[in-house]
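Each value in this text was obtained by applying a stated rule to the coordinates, not by laboratory testing. This one's a predicted model, so the numbers in the text were calculated from it and none came from an experiment. Reconstructed Cβ throughout: ideal geometry from the backbone, glycine too, with neighbour counts over all protein chains shown.
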Amino acid sequence: MWRYWMGGAGLAALAAGAVLWSAREAPSSALPAQPAMRAAATEADDAAPADVPEATARTREEKRFDRYDKDRDARITREEYLAARRKAFAKLDVDGDGRLSFDEWAIKTTTKFAAADRDRDGAMSRAEFATTAVKRKTPRPVKCPPERPSEES
């Protein structure tokens, strides 16, 4: 039983030490660097070009609403709302009969399987299956304005 008491006392001492450690003051050598960093940040703000483009105030939902509102009357009708689905359905309905068969619905997958099955045996090996992985786009690099040389150098 005394082991539990000693463990609890050790845990309490550890918690008290952590509180005291986090409450101690920062060393005095770190304090002078802060105003210099603020001054550098202010200089960087002043050096920013005046023709920086500003983001529009439109939200993501406003942009999405505008994509659906084709006639720009600030209302989305049922036909406007379903237009994108109709276009997607029309692409899948190859024979144009207004009905979507399983083969029409699965055409992309069927085509992908046929392209991957290079030996045409009706089954994919591991190497063939690896070619069906989704190709991820690489993120576009951020284009920042070139850094201006500082006056001090």
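Would you mind checking the pairs Lys63/Lys137; Lys91/Lys137; Lys87/Lys135; Lys108/Lys137; Lys112/Lys143 and listing those with alpha carbons more than 29 angstrom apart? In this structure, Lys112/Lys143 exceed 29 Å between Cα atoms. Of the peptides 129-140, 73-84, the order by per-residue mean of other Cβ atoms within 10 Å, starting with the highest, comes out as 73-84, 129-140. Each Lys or Arg adds one and each Asp or Glu subtracts one; over the other residues with Cβ under 14 Å from the Cβ of Glu61, this totals +2. Remark: the range 123-136, residue by residue, has Karplus-estimated 3J(HN,Hα) of 9, 9, 7, 4, 5, 5, 4, 4, 6, 8, 4, 5, 7, 7 Hz, where x stands for each Gly or Pro and the curve is 6.51 cos²θ - 1.76 cosθ + 1.60 at θ = phi - 60°.
Legend: calculated FRET efficiency, Asp121 to Arg99, from the Cβ-Cβ distance at R0 = 30 Å, rounded to 0.05, equals 0.40. For the range 78-153, the gyration tensor built on C-alpha atoms gives an oblate shape. Its axis ratio a/c (a ≥ b ≥ c) is at least 1.5, and a/b is not larger than b/c.
Length available on full extension from Asp73 to Thr132: 0.36 nm per residue minus the Cα-Cα distance, which gives 16.9 nm.
Once the Cβ-Cβ distance of Ala84 and Thr109 is raised to the sixth power relative to R0 = 25 Å, the FRET efficiency obtained is 0.70.
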